[in-house]
Amino acid sequence: MSSVKIECIASEGYRIGESPVWDERESALLCVDITGRKVCRWSSLTKQVQAIAVDAPVSSVALRKSGDYVITLGTRFAALKWKEQLVTTITHVDKDKPNNRFNDGKVDPAGRYFAGTMAEEIRPAVLERRQGSLYTLFSDLSVVKHFDQVDISNGLDWSLDHKTFFYIDSLSYSVDAFDYELQTGKIGNRRSIYKLEKEESIPDGMCIDTEGKLWVACYDGGRVIRLDPETGRRLQTVKLPVDKTTSCCFGGKDYSEMYVTSASDGMDKDWLSRQPQAGGVFKITGLGVKGVPPYPFAG
């Protein structure tokens, strides 16, 4: 193994940093601060962070084929024009649940935007249960609901052969797999491929590498873990200097760098003084594997 190096590239103190996505066109890392209500972009060239404030909790961001971005904002799918700082609503979900918001989202290999909802938290990971659903926004801007009864809709990604969809409902402490139809975006045959151990805590955001292995950020576990979805075994653990690791993605010139977001919500002064980088964004190099570039939304 090459030597793993971890550095904090943006010590922004995000309340809930989430949804890291590499934007190749800009040589930049996108992410959101959910409760801080902003979409952020860190330039690997200038090392500066730009942020756009929005009017509701913003939980995921994705590239758009036509340029700019799509986001999940409150219970809306929305379009974001970066230069103009302009947000326009595409469509609403969960209209009957005013206490809900979107959480994690990601675009599938066919350009559809998958994203799930949850109830607003009373405290981190404390909320009314089974209020969420998983949705897909299609390129024609129609929406399909896959299932409901979700606690905290979280990490998602697809296998390299595009036949399996991986998904996390955080409070199940499980990484699940579904059969996946690339043509239609349909999913079925749900099964658990990995149950988290006590010290790994709560599974959050997730990404896949070019060897088909999954990387899962462990909220309150202060780590990302590498899993083999075929055998259900943990292959590697990378510990970070903060407890509330929220999500991960690959990026950089050749997608050999991993970027990890984190949160500071729910931490008292004492805890924050021990972890001054809480809410920061971290870059991990030397993992010896590369990631898959993100798919842009086709609509």
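Values as computed for the structure displayed
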read-out: Extreme residue, nearest to ILE90 (Cα to Cα), among residues of region 115-144 that are of a type in the set (Val, Ile, Thr) and in contact with a strand residue (DSSP E or B) (Cβ under 8 Å, 6 or more places away or on another chain); value: VAL143
read-out: Close pairs (9 angstrom Cβ cut-off, 6 or more residues apart or separate chains): farther than 17 Å from PRO296 by Cα in region 136-149, open to solvent by 50 Å² or more (accessible area, probe 1.4 Å) and of a type in the set (Lys, Arg) anywhere; value: VAL144/LYS186; HIS146/LYS186; PHE147/ARG190; ASP148/ARG130; GLN149/ARG129; GLN149/ARG130
read-out: Among the residues listed as GLY185, GLY212, the single one being in contact with a Leu (Cβ under 7 Å, 6 or more places away or on another chain), touching a residue at least 40 places away in the same chain (Cβ under 8 Å) and over 28 Å from ASP33 (Cα atoms); value: GLY212
read-out: Yes/no for SER139 being touching a Lys or Arg at 6+ places or on another chain (Cβ under 9 Å), modelled with pLDDT of 95 or more and open to solvent by 10 Å² or more (accessible area, probe 1.4 Å); value: yes
read-out: Test: LEU156 is over 26 Å from ILE284 (Cα atoms) and either surrounded by 20 or more Cβ atoms within 10 Å (Cβ to Cβ) or of a type in the set (A, V, I, L, M) (or both); value: no
read-out: Selection from region 1-46 of residues that are in a loop (DSSP other than H, G, I, E, B), under 17 Å from GLY279 (Cα atoms) and open to solvent by 60 Å² or more (accessible area, probe 1.4 Å); value: SER11, GLU12, ARG15, ARG37
read-out: Any strands (runs of 3 or more DSSP E) falling wholly within region 161-244 and containing at least 1 residues that are at pLDDT 95 or above and of a type in the set (D, E, K, R); value: 164-169, 174-180, 187-195, 202-208, 223-228, 233-239
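Okay, residues lined up against (1) surrounded by fewer than 20 Cβ atoms within 10 Å (Cβ to Cβ); (2) part of a strand (DSSP E or B); (3) without any contact (Cβ under 8 Å) to a residue 40 or more places away in the chain; (4) among the charged types (D, E, K, R):
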residue	(1), (2), (3), (4)
CYS249	no, yes, no, no
TYR259	no, yes, no, no
ASP265	yes, no, no, yes
LEU287	no, no, no, no
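The values are calculated or read from the model by the stated rules, or taken from the named source; none is laboratory data. Quick caveat, the model's predicted, so the values are computed rather than measured. Cβ coordinates were reconstructed from backbone atoms using ideal geometry, including for glycine residues, and neighbour counts include every protein chain displayed. Ligands, DNA and RNA are stripped out before the accessible areas are found, and what is left, the full protein with its side chains, is counted by its heavy atoms. Shrake-Rupley method; radii C 1.70, N 1.55, O 1.52, S 1.80 Å.
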